[in-house]
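S.K.: Could you have a look at this structure, given as structure tokens, before my questions?
The values are calculated or read from the model by the stated rules, or taken from the named source; none is laboratory data. Only a predicted model underlies this, so the values are computations on that prediction, with no experimental measurement involved. Quick reminder, even Gly has a Cβ in these numbers, built from the backbone with ideal geometry, and neighbours come from all protein chains shown.
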């Protein structure tokens, strides 16, 4: 029994380390508890007070003499559907003398909101009048893994607390916005119904999206053969207002191919893909006997 209990505790510890978020299917909300960080350059403490914080815990730290170049906390989380999401965060009040400012970005530093808006005060017996809920802006997220970065402003020391960094973080929440439905709807051939091309024919594709882009979208693509060898790769830009993109790939040698589409710099392709075959032209076939489709490859 002790062995089983130890195993269960170990599983709970592992889950606490690696699962940063929870997902509510009814609202689409992704919640990230601040204490469940993936990595940090800042040593943080976890404070537990039942009923006073989300999941009864918060992340906090007082730095009497900040010496590190950067104080960054990161959270790896999964998104079930590509789209725009509003990020909300609950933490210590920003732009006040007795606490330290904290800023956020997602996936890369260029993806930083221009401004924040305080939504409401958050009741807390532990930190009365200190915790606030903020809207941190809207972010375009890729399907699958994304990373939220929280950067503590090391220069924003609290004079009230004796030139100390004072940081308290409770949780973050990502909620789909009204235009989160924008996604790849289909991939089709511009010049073939069946996806079968003769050796001399160029291959042309159409990427159809569910709605017109409200901001410029950048996608990477690759074409691989039957053995997953890369034979072509590139990138295209979907401008604002467009809901489709035609891509001319050119001509290919005889074989079977698959095209995969990625969000910019993503490691995993989108779910939708398309396969096509290139066959020997009919005019060059010496005989039409015993030439099953498979032998054309």
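S.K.: How about segment 263-276: which of its residues are in a strand (DSSP E or B), under 24 Å from residue 197 (Cα atoms) and within 28 Å of the chain's Cα centre (by Cα)?
M.R.: 273, 274, 275
S.K.: Which count do you get for residues in segment 116-128 that are in a loop (DSSP other than H, G, I, E, B) and either in contact (Cβ under 8 Å) with a residue 12 or more places away in the chain or under 27 Å from the mean Cα position of the chain (by Cα) (or both)?
M.R.: Of the residues in that region, 6 qualify.
S.K.: OK, next. Being in a loop (DSSP other than H, G, I, E, B), surrounded by 15 or more Cβ atoms within 10 Å (Cβ to Cβ) and over 21 Å from the mean Cα position of the chain (by Cα) narrows it down to one of 154, 193, so name that one.
M.R.: Just a single option satisfies the conditions, and that option is 154.
S.K.: Moving on. Out of all the residues in segment 18-33, which are modelled with pLDDT of 95 or more and either more than 13 Å from residue 78 (Cβ to Cβ) or out of contact with any strand residue (DSSP E or B) (no Cβ under 8 Å at 6 or more places or on another chain) (or both)?
M.R.: Hit for segment 18-33 is 33, nothing else.
S.K.: Suppose we filter 90, 104 for residues that are assigned to a strand (DSSP E or B), more than 18 Å from the chain's Cα centre (by Cα) and at pLDDT 90 or above; which single one remains?
M.R.: 90
S.K.: Check whether at least one residue in segment 65-75 is more than 17 Å from residue 101 (Cα to Cα) and at pLDDT 95 or above, and report yes or no.
M.R.: yes
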